[in-house]
Amino acid sequence: MIRRIKLPGWIVIVFLVSGIIFGVNQSVAQVLKESSEPNEKIADSSVYPGLNIKTQTKETDLYTFSVSQPYTENKQINKPIDEWIDQQKKEFTTGIKDWKNMLEENDFRAHLNIQVETEKIADKIYTLEFESYQITGGANGMTKMKSFLIDLNQNKLLQLDDVFQLNEASIKDIQKLILDELHSNQEISSYIFDDMAEKVLKDPEKWECSVSRKGVTFYFDEYEIAAGAAGAIKAEIPMKKIKPYLNEKFAKKIDVKIPEKENRKEEEQQTKDTVKLDPDGKYVALTFDDGPHRAVTPRILDALKKHDAKATFFMLGSQVEYYPSLANKVAEAGHEIGNHTMNHQDLTVLQPNKISEEIQQPSRIIQKATGKTPTLLRPPYGASNDNVKQIATDLGLPVVMWSVDSFDWKSRNAAAVNEEVMSNVAPGSIVLLHDIHSSTADALPQLLSSLEKQGYQMVTVSQLLELWDEKGVGPHYGKIG
Ligand code: ZN
């Protein structure tokens with residue numbers, strides 16, 4: 001913190017300060033008053049219709065001061081913003097009071113800077129993200145973040161409930177997203193006190209966050225959840241990850257158009273909802289790796305269609321690059337497309353940046369071909385470790401293995417494939433197959449009939465995972481990672 005003033009001098013200073021500071025108080029208060037009562041007419045020229053801004057600056061021998069403050073015609077909206085700004089100013093005034101002597105002795109001016117970033121996230125909906133920095137006598141300045149969400153359609157400030165679907169489960173999930181994000185940031189990870197963070201995150205009332213089109217950023221004051229060395233902390237959760245927890249009405253309103261894929265995803269979600277699985281049903285997820293293959297994949301599609309079966313295709317970027325229309329055909333038939341990396345390398349031996357590249361590149365290619373971004377990753381060879389899982393999860397692609405291996409790649413024999421699968425399958429199984437061997441295409445009609453006879457319904461991996469999430473259980477054996 002700060003060098004202490006020697007005691008004998010201290011007593012004298014207190015008297016001295018209180019007299020002079022009165023003047024400081026007055027001048028800051030005056031500016032403060034001006035700021036809370038915008039008198040000028042709201043100009044129509046703002047690029048943010050309905051929203052205007054003013055910046056006030058002041059300079060004295062003791063301090064400098066700059067505050068940017070957006071405002072609307074609605075006093076109810078302006079009020080909490082004014083109040084927060086006033087609070088910062090009050091703290092600043094107190095700080096100057098406390099450190100007056102120090103400031104003068106060191107010929108140092110205190111400084112308050114409140115800046116704002118404005119983002120239009122939908123028609124007449126704006127996010128104001130304030131950053132207040134103040135330094136008075138202390139060696140370190142203090143940064144505070146505050147965000148307001150203004151909805152001029154409803155003429156109100158949106159509250160946490162308007163933005164999120166808050167319930168016990170979603171709060172827990174959001175908490176986890178934030179903690180994961182904090183820990184994935186190497187610069188601050190080691191400073192985080194998990195117990196403090198959890199305490200803050202448990203209580204939505206304590207959340208400080210701002211919504212943008214890219215996602216939701218959560219803020220933590222200095223010392224709130226970490227050692228001081230970490231400073232004020234931001235955790236940015238991408239829209240893709242936070243969207244499931246947004247209040248439905250709000251999500252619809254901001255209609256986040258993260259390219260086309262999000263739109264498509266919504267359609268996808270809707271279809272998914274309509275075929276919600278029965279928790280007591282008998283399901284199996286067939287998965288086909290390494291395609292799409294120009295000759296085998298179409299045959300697989302035909303067989304699946306005949307049995308009204310849905311499956312998941314873990315495609316290679318290198319294949320989709322060659323056969324984008326085939327990939328699209330698979331997607332259009334209602335099957336799920338997962339990511340099987342770009343070049344089928346063993347991810348566990350690659351450097352982190354290379355792992356990311358191997359995962360991200362095919363996602364882009366698949367998105368371009370089908371309009372949908374894969375949400376699952378199957379690492380080649382089932383080769384995964386904590387590092388791979390972490391990177392994949394951070395990229396929004398949980399790692400999915402399998403519980404039944406058909407060994408189709410080994411036997412290359414239709415009868416053997418059938419035998420292998422049927423003797424190991426159980427409700428909830430994820431079956432590993434490959435749509436690059438004609439023997440697998442040969443095996444499929446019989447396999448689907450056998451499964452059907454036993455009462456199985458063939459669904460996608462995502463559908464199965466969703467069901468597991470609800471039931472809290474998955475297959476109890478095999479390679480699920
Ligand atoms: Zn493979």
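Listing for the model above:
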quantity	calculated
Ala227 vs. criteria in contact with a Ser or Thr (Cβ under 9 Å, 6 or more places away or on another chain), farther than 24 Å from Lys172 by Cβ and free of Cβ contacts under 8 Å to residues at least 60 places away in the same chain	yes
Residue within region 106-121 that is more than 27 Å from the chain's Cα centre (by Cα) and buried (at least 20 other Cβ atoms within 10 Å of the Cβ) present	yes
Residue match in region 51-62 (condition: buried (at least 19 other Cβ atoms within 10 Å of the Cβ), in contact with a strand residue (DSSP E or B) (Cβ under 8 Å, 6 or more places away or on another chain) and not in a strand (DSSP E or B))	yes
Cross-chain or 6+ apart pairs with Cβ under 8 Å, region 114-131 first and on the phi < 0 side of the Ramachandran plot and basic (Lys, Arg), then in a strand (DSSP E or B) and crowded, with 19+ Cβ neighbours inside 10 Å	Lys120/Tyr126
So Ser189, is it among the hydroxyl-bearing types (Ser, Thr, Tyr) and assigned by TED's automatic domain parsing to the domain that holds Phe92	no
Region 317-342 - residue that is at pLDDT 90 or above and part of a loop (DSSP other than H, G, I, E, B) and, of those, nearest to Leu432 (Cα to Cα)	His340
Where a residue in region 385-401 is touching a residue at least 24 places away in the same chain (Cβ under 8 Å) and under 15 Å from Phe314 (Cβ atoms) and its partner, wherever it lies, is open to solvent by 20 Å² or more (accessible area, probe 1.4 Å) and part of a loop (DSSP other than H, G, I, E, B), with Cβ under 7 Å and at least six apart	Ala392/Pro398; Leu397/Thr375; Val399/Ser384; Val399/Gly481; Met401/Ile480; Met401/Gly481
Single condition Gln360 does not satisfy, out of (1) closer than 24 Å to Leu448 by Cβ; (2) away from the ligand (no atom under 14 Å from the Cβ); (3) assigned to a helix (DSSP H, G or I)	(1)
Helices (runs of 4 or more DSSP H) (entirely within region 368-456) containing at least 2 residues that are within 16 Å of the ligand (Cβ to nearest atom) and open to solvent by 10 Å² or more (accessible area, probe 1.4 Å)	408-411
Filter result (open to solvent by less than 10 Å² (accessible area, probe 1.4 Å), touching a Pro at 6+ places or on another chain (Cβ under 8 Å) and under 17 Å from Leu444 (Cα atoms)) within region 304-346	Phe313, Val330
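The values are calculated or read from the model by the stated rules, or taken from the named source; none is laboratory data. These numbers were taken from a predicted model, which means no experiment stands behind them. Methodologically, a virtual Cβ is constructed for each residue, glycine included, from the backbone with ideal geometry; neighbour enumeration extends over all protein chains shown. Each accessible area value is taken on the protein alone, full model and side chains, heavy atoms only, with ligands, DNA and RNA left out. Shrake-Rupley method; radii C 1.70, N 1.55, O 1.52, S 1.80 Å.
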